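Report on the structure given below.
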Amino acid sequence: MKRVQSKSFFIKFLKWRYAHISNKQFITIASAIIGFMAGLGAVVLKNFTHFIQGLLEGKFIKDIHQAFYFIFPIIGLLFVIVFIKYIVKKKIGHGIPSTLYAISKQKGIMPSHQMWASIFTAPLTVGFGGSVGLEGPTVATGAALGSNFARMFHLNQTTRTLLIGAAAAGAMSSIFKAPIAAIVFAVEIFSLELTLASMIPLLLASITAILTSYFFLGDDVLLHFQLQEKFLLNDVFFYVLLGVFTAGISVYFSKMYFYISDYFKRFKNPYKRLLIGGLLIGIIVFFVPPLFGEGYETINNILKGNVGNVIMNNIFNIKIGNIWTIIALLVGLVIFKVVAMSLTFSAGGIGGVFAPTLFTGSITGFVFAMVINYSNILQHHLSLTNFAMVGMAGLMAGVLQAPLTAIFLIAEITGGYELFVPLMIVASISFLISKQFTPHNIYAEELAKKGELITHNKDKNVLMMLNIKKVIETDFITIHPKMFLGEIVHSAIKNSHRNHFPVVGEDGDFLGVIRLDDIRSIMFNTVLYNKVKVEDLAHGEPAIINMDEDSMEDVMSKFKTTSAWNLPVIKNGKYFGYISRSRLMTAYRRKLIEVTAS
């Protein structure tokens, strides 16, 4: 009864909203609400993670904490897998990639379970030592809230996408307390169109989210940095070199992540992946404790120049008197952080790559400056902390391929624009070089391979949004190779309004086609009815569309290169139907109007 009453009230509210609030006004109000919800989600995720970490560092466990480094990650990953299997009972995609997929192929519709699932699975992963970040799950949680809010109020696809971007901006603003960088992040990663109509919702969501974070968490920030040395013109050459260096580390980061992910795909049993990956993570964090969890404590020590606090905690009790020993240990952190992160994901953990990117970037910049300062090859002194900070921008630009986000995030964190020029130099060089080796960022690689990645290219986006199933025509009468001309005339041509007939084998393979023009000159010659067979007349098509592999962009390209009006479609290697150029172009024009007008 209560449910019926609440539904009736909601319907009345919708009617009132349509009558009294314009769509533009409602989007403005909705963006502020979604910013608050995204900020609240970020606060809950962060606090839950810290709660778990606090339990693991309690009095009883703390005494034997060193030994438990080995077992904590696998326990956390087991909790995650059990939680997903028995409570969520649905797949939880990796944060930002799942959001990108929803925008590109699901019309901005995200499953309702994504609003809450990551709030439990990400803290369990990170809190127990998984070497990943919370930013991706936080953004995905906010995006799911934005998507489902839009669905609840029957908003169209364009508005849903905008509110997803607003939620993402809100989540990032709440995490880093960097509202401008959060807006740039939403535009860069989700390929939103930056217009006045989209800017206001993004701005409002970012503001309400950061205010929510301030209300619940105070003015505490993730990254503590105070600029002590100004940018010097003499350092420009070294910032250029740092850009090249961070590009190399970015390529290593991406390639290693994809290699380990592909390797673990061969293990179909999730518990086998958990066992292998969890044990390897445990071994790594046991020998290299700074890799336990997100790693922001290590980043902050690096930014303060307290390198001793980072490397003194090692199982080998290595003395750190020698500067090259320190450099070697820091290089080891960079190498194994990427491995530990990749293993966490492959073993079933839920998290993000943002924190690992900042971790490797800060150490990369710090190590680069140390090598220059202590090599005595060049009589030049570089600011270790400045290069550590700019190094983070270099890795963000190279791995996430979001150079503007990298520039504005670090600029906001530093509280000014003193490092703006070196940030621009390093971010642009790292981005340009790394993109030559990894065309798409770590979030979008899998989607790009399938042609399902939304970009700033509107034509490609419209093609990608088209559903190939809706342009396939299947009402063709098929014929088999051994049929005689008489059977074609009486069984196929007589009963079909089409002018071409797919030739299909007994196992469903597409063998060719016969068009009406091919038999027009002999179709009334009854003498040939029992002499000429289909296999004598059939011929191939200039191209075949593979439904399992070809994107809509590939389909359009095949029509363009062949100048064909109709092309056959196969699915699972078998004949499935035809796509006509006219039907495809009609669908394209309709989708273009829908996207442009909405």
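Just checking, which of SER104, SER98 is within 15 Å of the chain's Cα centre (by Cα), of a type in the set (S, T, N, Q), open to solvent by 10 Å² or more (accessible area, probe 1.4 Å) and within 19 Å of ILE442 (Cβ to Cβ)?
Working: SER104 fails: open to solvent by 10 Å² or more (accessible area, probe 1.4 Å).
Sole residue among the options that is within 15 Å of the chain's Cα centre (by Cα), of a type in the set (S, T, N, Q), open to solvent by 10 Å² or more (accessible area, probe 1.4 Å) and within 19 Å of ILE442 (Cβ to Cβ): SER98.
For segment 372-391, a residue qualifies if it is touching a residue at least 12 places away in the same chain (Cβ under 8 Å) and farther than 25 Å from HIS224 by Cβ, and the qualifying residues are TYR374, HIS380. When PHE245, PHE238 are screened for being assigned to a helix (DSSP H, G or I), under 16 Å from PHE368 (Cβ atoms) and either open to solvent by 60 Å² or more (accessible area, probe 1.4 Å) or touching a strand residue (DSSP E or B) at 6+ places or on another chain (Cβ under 9 Å) (or both), only PHE245 passes.
Mind listing whichever residues of segment 209-222 are under 28 Å from LEU419 (Cα atoms) and at pLDDT 75 or above? Outline the logic, then answer.
If we filter segment 209-222 for residues that are under 28 Å from LEU419 (Cα atoms), which is where we start, we get 209-211, 213-214, 217-222.
Of everything in segment 209-222, those that are under 28 Å from LEU419 (Cα atoms) and at pLDDT 75 or above turn out to be ALA209, ILE210, LEU211, SER213, TYR214, LEU217, GLY218.
Of all the listed residues (GLY361, GLY295, GLY332, GLY308), the sole one being in contact with a Pro (Cβ under 9 Å, 6 or more places away or on another chain), small (Gly, Ala, Ser) and either surrounded by 15 or more Cβ atoms within 10 Å (Cβ to Cβ) or farther than 28 Å from PRO403 by Cα (or both) is GLY295.
Taking the criterion of being in contact with a helix residue (DSSP H, G or I) (Cβ under 8 Å, 6 or more places away or on another chain), outside any strand (DSSP E or B) and at pLDDT below 85, would at least one residue in segment 467-476 satisfy it? Spell out the reasoning first.
Let us first name the residues in segment 467-476 that are in contact with a helix residue (DSSP H, G or I) (Cβ under 8 Å, 6 or more places away or on another chain), namely 468, 470-471, 473.
Checking which are outside any strand (DSSP E or B) leaves us with 468, 470-471.
Narrowing the set further to residues that are at pLDDT below 85 leaves 468, 470.
Scanning segment 467-476 turns up at least one residue that is in contact with a helix residue (DSSP H, G or I) (Cβ under 8 Å, 6 or more places away or on another chain), outside any strand (DSSP E or B) and at pLDDT below 85.
Answer yes or no as to whether PHE231 is of a type in the set (Phe, Trp, Tyr) and not in a helix (DSSP H, G or I). Against the criterion (of a type in the set (Phe, Trp, Tyr) and not in a helix (DSSP H, G or I)), PHE231 qualifies. Checking each residue in segment 507-559 for being modelled with pLDDT under 85, under 37 Å from the mean Cα position of the chain (by Cα) and more than 27 Å from TYR588 (Cα to Cα) picks out no residue at all.
The single condition among (1) at pLDDT below 75; (2) open to solvent by 30 Å² or more (accessible area, probe 1.4 Å); (3) more than 23 Å from the chain's Cα centre (by Cα) that THR455 does not satisfy is (3). When LEU395, LEU423 are checked against the criterion of being in contact (Cβ under 8 Å) with a residue 40 or more places away in the chain and either under 17 Å from PHE366 (Cα atoms) or in a helix (DSSP H, G or I) (or both), LEU395 stands alone in meeting it.
Among the listed residues LEU382, LEU333, identify the single one that is within 26 Å of the chain's Cα centre (by Cα) and either in a helix (DSSP H, G or I) or of a type outside the set (Ser, Thr, Tyr) (or both).
Values: LEU382 fails: within 26 Å of the chain's Cα centre (by Cα).
None of the other options fit; the residue is LEU333.
Within segment 270-280, the residues that satisfy the criterion of being open to solvent by 80 Å² or more (accessible area, probe 1.4 Å) and of a type outside the set (A, V, I, L, M) are TYR271, LYS272.
Here ILE29 clears all of (1) modelled with pLDDT of 80 or more; (2) open to solvent by less than 70 Å² (accessible area, probe 1.4 Å); (3) under 22 Å from SER147 (Cβ atoms) except the condition numbered (2).
Show me the helices (runs of 4 or more DSSP H) entirely contained within segment 259-318 in which 2 or more residues are more than 26 Å from LEU330 (Cβ to Cβ), modelled with pLDDT of 90 or more and among the basic types (Lys, Arg).
Details: elements: 270-287, 296-304, 307-311.
Hits in segment 259-318: 270-287.
Would it be correct to say that SER430 is at pLDDT 85 or above, touching a Pro at 6+ places or on another chain (Cβ under 8 Å) and open to solvent by less than 10 Å² (accessible area, probe 1.4 Å)? It would help to see each step written out before you state the result.
Details: at pLDDT 85 or above: yes; touching a Pro at 6+ places or on another chain (Cβ under 8 Å): yes; open to solvent by less than 10 Å² (accessible area, probe 1.4 Å): yes.
When the stated conditions are applied, SER430 passes them.
Take PHE70 and decide whether it is assigned to a helix (DSSP H, G or I) and either at pLDDT 90 or above or of a type outside the set (D, E, K, R) (or both).
Values: assigned to a helix (DSSP H, G or I): no; either at pLDDT 90 or above or of a type outside the set (D, E, K, R) (or both): yes.
No; evaluated as a whole, the condition is false for this residue.
Please specify each residue of segment 103-112 satisfying the condition of being β-branched (Val, Ile, Thr) and either at pLDDT 90 or above or not in a loop (DSSP other than H, G, I, E, B) (or both). ILE103 - this is the single residue of segment 103-112 that is β-branched (Val, Ile, Thr) and either at pLDDT 90 or above or not in a loop (DSSP other than H, G, I, E, B) (or both).
May I ask you to verify whether ILE92 is touching a Ser or Thr at 6+ places or on another chain (Cβ under 7 Å), modelled with pLDDT under 90 and either of a type in the set (Gly, Ala, Ser) or part of a loop (DSSP other than H, G, I, E, B) (or both)? Here the answer is yes, as ILE92 does meet what is asked.
The values are calculated or read from the model by the stated rules, or taken from the named source; none is laboratory data. Just so it is clear, the model here is predicted, and its values are computed rather than measured. As a convention, Cβ positions derive from the backbone with ideal geometry for all residues, glycine included, and neighbour counts pool all protein chains shown. Only protein heavy atoms, including side chains, enter the accessible area calculation; ligands, DNA and RNA are left aside. Shrake-Rupley method; radii C 1.70, N 1.55, O 1.52, S 1.80 Å.
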